[in-house]
Amino acid sequence: MLTQIIIEQHLVVIGLKEGELMATHNWCHNPKCHTYQTTDRVRGSGDNKVLRTRRVKIHDYQNAYYYQGWENHFCRVACFFAYVKLHIDRIVAIAPVKEPSETPIKVEKEKVQTRRFDWNRQEYYNDTSTRTKIIGERHE
C-alpha cells in the first residue's frame with residue numbers, strides 16, 4: 001500500500017499519467033547534429049546509409065554538482081553552442097534584462113608596493129598604487 005502511494009506520488013511529481021513510461025533518451029536538439037560525419041551517426045543497411053542525429057541518455061543530475069542543465073538535450077558542448085548560436089535572440093527574449101543588476105559590497109583600500117619595468121628606460125623602479133579589495137557583501 002505504501003509503495004503504491006509512493007509510486008503514484010512520483011508519477012504526479014514527474015508529470016506522467018498512469019501507464020505512461022518515462023523516456024530514457026532524447027534526440028540531440030542541434031538541428032545540424034545529423035550532418036557531422038562521424039561513424040557513430042551512420043545508420044542503415046546496404047546502400048541506404050544515412051547520418052542520424054545522436055541519442056542522448058537522460059540522467060537525473062539534480063544531486064550532481066557539475067550539472068549545467070544542457071546535458072540531457074545535447075550530445076556534446078559543440079552541439080549545445082551551435083543551438084544557442086542559432087536561437088540566441090529567442091532565448092534572450094524569454095527573460096530580457098532591461099537594467100543592470102547590482103550587489104552591495106564592502107571594500108577595503110590598501111596601498112601596495114610593486115616593482116615594475118620601464119621599457120623605455122630599460123630599468124626597474126618601485127611603484128606605489130592603491131588596490132581595492134572586496135571583503136564581502138553588504139547586508140542592509
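Summary of values
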quantity	calculated
Answer from Lys17, Lys98, Lys57 - the residue that is at pLDDT 90 or above and of a type in the set (Lys, Arg)	Lys98
Residues located in segment 71-95, provided they are aromatic (Phe, Trp, Tyr) and either crowded, with 16+ Cβ neighbours inside 10 Å or touching a Cys at 6+ places or on another chain (Cβ under 6 Å) (or both)	Phe74, Phe80, Tyr83
Lone unmet requirement of (1) touching a residue at least 40 places away in the same chain (Cβ under 8 Å); (2) in contact with a helix residue (DSSP H, G or I) (Cβ under 7 Å, 6 or more places away or on another chain); (3) of a type in the set (S, T, N, Q) for Thr53	(1)
Options His59, His34: the member that is part of a helix (DSSP H, G or I) and farther than 19 Å from Ile91 by Cβ	His34
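The values are calculated or read from the model by the stated rules, or taken from the named source; none is laboratory data. Quick caveat: nothing in here was measured; it's all calculated off a predicted structure. All Cβ positions, glycine included, derive from the backbone under ideal geometry; neighbour counts span all protein chains shown.
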